[in-house]
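Structure first, then comments.
Just so you know, all these numbers are worked out from the coordinates, no wet-lab data involved. Please read all numbers here as calculations on a predicted model, not as lab measurements. Reconstructed Cβ throughout: ideal geometry from the backbone, glycine too, with neighbour counts over all protein chains shown.
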Amino acid sequence: MNQMLHEDAEKIVSAGIHAVLPDVAVIRALESYDFGTGGVYLVAAGKAAWQMAHAAVSCLDGRIRRGVVITKYGHSGGPLAGIACFEGGHPIPDEGSCRGTRAALALVRDLGAQDTVVFLLSGGGSALLEEPLVPLSELQDITGQLLACGADIVEINTIRKRLSAVKGGRFAQACAPARVLCIVLSDILGDPLDMIASGPACADSSTCRDAERVVKKYGLRLSGEARACLQHETPKHLDNVEARITGSVRELCAAAADAASSLGYEPILLTDQLSCQAREAGVFLADIVRTHRSPSRPLAYLAGGETVVKVIGDGRGGRNQELALAAAAGIAGLDAAVFSVGSDGTDGPTDAAGGYADGDTLAALRAAGLDPFAVLNNNDSYTALKAVGGLLFTGPTGTNVNDVAVALIR
């Protein structure tokens, strides 16, 4: 392993994630809001829910009467005064998700027009805020089908909205006549409010026809009950919601670029709209490295967004790990590295935030008896990168604004 490049990668990751932590943004959004004389209630859902709720509780200093937080297992930071904290499954909802959501619905059920629901939303909310209109087991199966077939997040959420009592604007309907102040950490490219966490407090721009197209495109297996749900249109107008986006992948990329610059690299932003297969992105970044293999000064190429993995094997890994591993062969022998991380600190069903490969990785894999191409075909990037020290760890970060991938060339 190239120790200098690895250390630079860790510094860039740390600086990027630190810049998109939700505390300051949540406090800024709340300080400028007039709550009037009614009661203030809090609901937070997503992988950054606890961190966002913690900031809100500190800022409002006793104003919140009651609240509910629903976050991913292991992402709760401890008790919050007056707040019931729940943990649930991600990326597939489970009974914990539903239990927390039922508590949130009970909290907002009888509020009046003078009351306000502070609704803190972050990535992962689609799985964590869930009250299914079909049996939970079928919803889990449909979600698994969508994740495995390579559907993008907009396609996935177009289906999930119609199988849920809280998605696609239906949670805001449940809060009415109370006002909803929705503060959002965006994890979807372009920040479409109706797609972030499946838009529980936003009028839905997708249609039943869009959902049918997704079903046909991927050949989804649905029961008659689920197909019937797809025929019921979601709310197209909401008059009790104000939404404020507080963070996005653009800020993550900008912070990573600033960190790279401070380390002596010339940062070049390729895109903040990366959306393709993870291994294709890894190969592309390796191609960039080979094109610019002898720079006059160190270079850092950055790409923000969210890739997808088509699952064809039974290994363990995540999209960021697969991206890094896919780059290993292309940068072999060069004074360069490719790494990618999820800003939430968890990549797929693993404890790693992402993956790292440099010019020494391919030889190290082969010395360990691992064929990177066979590993990729088995979707087992975690095992391979762990064997050569190529996993990047941050632990749960409290934020979630997509991923950033970087190619460093010295």
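Computed quantities for the displayed model
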{"read-out": "Relative exposure of ARG99, ARG410, judged by other C-beta atoms within 10 Å (fewest first)", "value": "ARG99, ARG410"}
{"read-out": "Calculated FRET efficiency for the pair GLN273/ARG65, C-beta based, R₀ 25 Å, to 0.05", "value": "0.05"}
{"read-out": "Sequence ranges 103-112, 147-156, 47-56, 174-183, ranked by mean other-Cβ count within 10 angstrom, highest first", "value": "47-56, 174-183, 147-156, 103-112"}
{"read-out": "Cα gyration tensor, the stretch 156-269 - rounded (a/c under 1.5), prolate or oblate", "value": "oblate"}
{"read-out": "Three-way shape call for the stretch 219-324 based on the alpha-carbon gyration tensor, with the a/c threshold at 1.5", "value": "oblate"}
{"read-out": "Cα gyration tensor shape of the stretch 19-89, rounded if a/c is under 1.5, else prolate or oblate by comparing a/b with b/c", "value": "oblate"}
{"read-out": "The stretch 270-410 - Rg and Dmax from Cα coordinates, angstrom", "value": "13.7, 43"}
{"read-out": "Descending principal axes extents, the stretch 32-168, alpha-carbon based, whole Å", "value": "48, 31, 25"}
{"read-out": "3J(HN,Hα) from dihedral phi, the stretch 269-276, Karplus parametrisation 6.51/-1.76/1.60, rounded to Hz, x for glycine, proline", "value": "7, 7, 5, 10, 10, 4, 8, 6"}
{"read-out": "Kirkwood Rh (inverse of mean 1/r, distinct Cα pairs), the stretch 210-260, angstrom", "value": "15.4 Å"}
{"read-out": "Whichever lysines have a C-alpha closer than 16 Å to that of LYS217, once near sequence neighbours (fewer than 8 apart) are set aside", "value": "LYS310"}
{"read-out": "Qualifying aspartates and glutamates (Cα of each under 15 Å from Cα of LYS386; at least 8 residues distant if same chain)", "value": "GLU322, ASP347, ASP351, ASP358, ASP360, ASP371"}
{"read-out": "Alpha carbon convex hull of the chain, projected area averaged over orientations, nm²", "value": "18.8 nm²"}
